[in-house]
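Notes to accompany the following structure.
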Amino acid sequence: MLRTAAISFFQYLNDFMKTIKYLFKGLFIFAFCFPLTIIAQTQEKPFSVKENYLKKEVLITMRDGTKLFTAIYAPLDSSESYPILMQRTPYSIAPYGADKFRNSLGPNGAMAKEKYIFVYQDVRGRYKSEGQFEEVTPAVANKKSKKEVDESSDTYDTIDWLLKNTKSNGKVGLYGISYPGFFATASLPDAHPAIKAVSPQAPVTDEFIGDDCNHNGAFFLLDNFGFYNFFEGPKSENGESYAGIFNARYNDAYKFFLEMGPLKNSNGPLYYNNKGKIYSEVLQNDTYNNYWKSRNIRTHLNNIKPAVLVVGGWFDAEDLFGALQTYQSIERQTRANNNRIVMGPWTHGAWAGASWTGYASHDFGANLNDYYHSQIEIPFFNYYLKGKGVFEAAEATIFETGTNQWKNYSIWPPPNATPTPYYFNDKGKLSQQKTSAANSYSEYISDPAKPVPYTAVISGRRSNEYMAEDQRFAAQRPDVLVFETDTLTEDLNVTGKIMANLFVSMTGTDADFIVKLIDVLPETEKNPNPNPRNYQMSGAQRLVRAEVFRGKFRNSYEKPQAFVPGKVEQVSIGLNEVAHVFKKGHRVMVQVQSSWFPLVDRNPQKFMRIPDAEEKDYQKSTIRIYHTSNIILPVLK
């Protein structure tokens with residue numbers, strides 16, 4: 001009886017505990033899984049272009065009869081009219097086919113939700129468009145006939161057609177990054193009245209002075225050798241792709257180009273073999289002649305009427321010059337302009353991505369693209385094309401490296417920055433005071449057979465981080481001069497234009513000069529955490545800005561001049577603008593060298609047409625940098 005009672009009790013207790021268990025399990029499922037169900041139900045579905053837009057492909061006839069292939073994505077919701085937002089490009093408007101859709105539309109991933117008529121066009125002579133392509137098409141002012149066409153007229157004619165054949169609100173915007181950035185800029189002279197907002201982003205601007213092909217007359221070998229191979233190769237029958245002119249595979253660019261030999265060999269039988277029209281033109285036109293001058297869009301940026309938002313990146317290895325100079329050209333030549341600039345710590349076009357939180361060893365502490373997209377780019381187009389919201393961006397929205405913060409300026413560069421010279425002194429000192437004897441100098445032997453590499457990274461393509469790379473690999477070389485300040489006792493804010501004034505002599509008759517401005521971190525600097533790239537930050541020499549100058553152009557880009565061996569001459573080098581704070585406890589360093597290989601082709605150090613140089617023309621040269629040399633920093637208090 002007692003046993004039966006005990007069994008009944010324990011059975012009851014067991015059943016009770018099961019009930020409690022199931023109750024708690026149910027509460028857990030409700031508390032944890034039910035919210036997940038709600039989240040799953042309410043989580044925003046990835047935006048589908050195909051489900052929200054109608055695509056149409058058309059050929060639009062230009063005034064000279066040439067037809068340009070154009071894709072139009074219009075919102076399926078046709079209850080209202082929409083502004084047109086257009087990109088014209090030489091890089092293909094794929095995917096081709098009315099039933100094939102792009103993954104995203106517009107200049108950033110969120111733009112398609114704003115509902116625009118998005119238009120993409122293969123420019124004249126590229127992919128499925130008719131006509132002859134021209135490198136950075138020369139602008140034609142005061143056109144006298146329908147045969148005189150340029151990118152401004154092609155844009156104008158395209159817009160005329162679109163206004164008549166789409167349900168638009170009559171307002172048009174253009175944008176583009178890099179080469180498409182040039183086509184955005186090229187729409188501004190004699191702009192169609194419907195164009196209300198244009199955003200040239202990292203635009204190609206002047207390919208002899210500072211963009212892509214050359215910097216101050218020095219040929220950018222690594223970039224151009226690879227780029228034109230596929231850009232200029234034979235086009236497929238359907239016009240949807242291009243093949244390479246040659247096949248060159250290499251894992252070590254430094255070794256490959258050194259073994260290639262003189263620059264002329266790049267156009268020899270193994271490589272271009274004169275099959276690259278533009279590549280041959282670039283090599284042929286080795287001075288600032290009419291070929292380059294006619295392609296300098298800056299001179300045409302006057303009387304600009306649309307609102308302009310220029311965008312660039314401080315770590316852009318291709319078109320940093322283009323962004324800064326496009327903005328400045330409009331400022332100088334169009335007085336009553338509506339022109340703004342945004343400069344962030346981006347690489348080439350990185351602002352278009354969903355996220356940007358760091359670069360090389362830099363950690364910016366936040367996703368900078370969220371701010372740029374939501375507070376600047378989308379409001380810019382919405383305000384000028386839709387009359388929606390407000391657009392209150394400053395004249396210049398500038399990210400300041402070193403402090404990792406956005407700064408707003410009413411004038412760029414800020415006029416209250418004080419040009420402050422720092423002199424190259426003996427024993428590697430960099431100081432605001434001249435401390436060396438009048439005729440003292442530092443010297444090095446520049447040997448084209450052993451050029452200074454532009455990066456410590458061994459790769460078959462350009463290192464994407466060389467713009468902020470640790471320069472200790474270069475400082476250790478005997479053909480690189482190093483000048484350094486004492487440890488800073490307070491922050492040094494350098495914001496604006498930089499100028500290096502070198503006083504040099506040499507045993508040869510020509511030389512290149514590369515000047516690098518560097519932030520030397522203290523020995524106590526900690527490594528990033530986590531640190532998958534194994535950055536060693538203690539004492540790191542982090543590059544801030546650098547530029548190359550081909551010495552024979554020191555007095556004129558049009559008429560190069562030989563150096564007289566042993567004669568002291570001045571070479572002034574303008575470095576692109578900067579916004580950087582050298583923090584207390586850091587040091588400022590300047591490095592000077594005469595090669596930057598294979599980013600820049602080797603100078604034979606003999607006055608001549610470098611594209612004609614033979615192996616025997618490349619010679620060593622002893623180069624002296626006199627201690628009257630200086631770098632002028634724009635110091636902002």
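Taking ILE376, is it hydrophobic (A, V, I, L, M, F, W, C), under 13 Å from VAL310 (Cα atoms) and part of a strand (DSSP E or B)? Taking the combined requirement at face value, the residue does not satisfy it. Among the residues making up the range 227-239, those that are part of a loop (DSSP other than H, G, I, E, B) and crowded, with 16+ Cβ neighbours inside 10 Å are GLU232, GLY233, GLY239. Condition check for MET467 on (1) crowded, with 17+ Cβ neighbours inside 10 Å; (2) part of a strand (DSSP E or B): one failure, at (2).
For every residue, the table says whether it meets (1) within 24 Å of PHE321 (Cβ to Cβ); (2) among the polar types (S, T, N, Q).
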| site | (1), (2) |
| --- | --- |
| GLY217 | yes, no |
| LEU222 | yes, no |
| ASN229 | yes, yes |
| PRO234 | no, no |
| GLU237 | no, no |
| ILE245 | no, no |
| ASN251 | no, yes |
| LYS255 | no, no |
| LEU258 | no, no |
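When the range 365-382 is filtered for residues that are small (Gly, Ala, Ser) and over 13 Å from MET111 (Cβ atoms), the ones remaining, listed by number, are GLY365, ALA366.
Among the residues of the range 114-131, those that are assigned to a strand (DSSP E or B) and either within 17 Å of GLY170 (Cα to Cα) or outside the structural domain of LYS67 (by TED's automatic domain parsing) (or both) comprise ILE117, PHE118, VAL119.
Test ILE159 against the stated conditions and say whether it is buried (at least 22 other Cβ atoms within 10 Å of the Cβ) and over 23 Å from ASP64 (Cα atoms). Here the answer is no, as ILE159 does not meet what is asked. Can you find a residue in the range 134-144 that is modelled with pLDDT of 95 or more, touching a Ser or Thr at 6+ places or on another chain (Cβ under 7 Å), farther than 19 Å from TYR179 by Cβ and assigned by TED's automatic domain parsing to the domain that holds TYR179? For the range 134-144, residues modelled with pLDDT of 95 or more, touching a Ser or Thr at 6+ places or on another chain (Cβ under 7 Å), farther than 19 Å from TYR179 by Cβ and assigned by TED's automatic domain parsing to the domain that holds TYR179: absent.
Only residues that are surrounded by fewer than 20 Cβ atoms within 10 Å (Cβ to Cβ), farther than 23 Å from ALA94 by Cβ and either in contact (Cβ under 8 Å) with a residue 40 or more places away in the chain or not hydroxyl-bearing (Ser, Thr, Tyr) (or both) were counted in the range 116-150, giving 9.
Kindly check whether there is at least one residue in the range 406-421 that is free of Cβ contacts under 8 Å to residues at least 12 places away in the same chain and either within 27 Å of GLY106 (Cα to Cα) or in a helix (DSSP H, G or I) (or both). Checked the range 406-421: no residue is free of Cβ contacts under 8 Å to residues at least 12 places away in the same chain and either within 27 Å of GLY106 (Cα to Cα) or in a helix (DSSP H, G or I) (or both). Consider the range 437-456 and keep the residues that are out of contact with any strand residue (DSSP E or B) (no Cβ under 8 Å at 6 or more places or on another chain) and buried (at least 19 other Cβ atoms within 10 Å of the Cβ). The one that is farthest from PRO604 (Cα to Cα) is THR455.
Could you check the range 332-371 and list, in sequence order, the residues that are touching a residue at least 60 places away in the same chain (Cβ under 8 Å) and assigned to a helix (DSSP H, G or I)? TRP351, ALA352, ASN369, listed by residue number.
Tell me which residues, restricted to the range 206-226, are surrounded by 17 or more Cβ atoms within 10 Å (Cβ to Cβ), assigned to a helix (DSSP H, G or I) and not polar (S, T, N, Q). Of everything in the range 206-226, those that are surrounded by 17 or more Cβ atoms within 10 Å (Cβ to Cβ), assigned to a helix (DSSP H, G or I) and not polar (S, T, N, Q) turn out to be LEU221, LEU222, ASP223, PHE225.
Checking the structure you have, find out if any residue of the range 417-435 is loosely packed, with under 14 Cβ neighbours inside 10 Å and within 30 Å of SER329 (Cα to Cα). Checked the range 417-435: at least one residue is loosely packed, with under 14 Cβ neighbours inside 10 Å and within 30 Å of SER329 (Cα to Cα).
The values are calculated or read from the model by the stated rules, or taken from the named source; none is laboratory data. Everything numeric in this text was worked out from a predicted model, so none of it was measured. All Cβ positions, glycine included, derive from the backbone under ideal geometry; neighbour counts span all protein chains shown.
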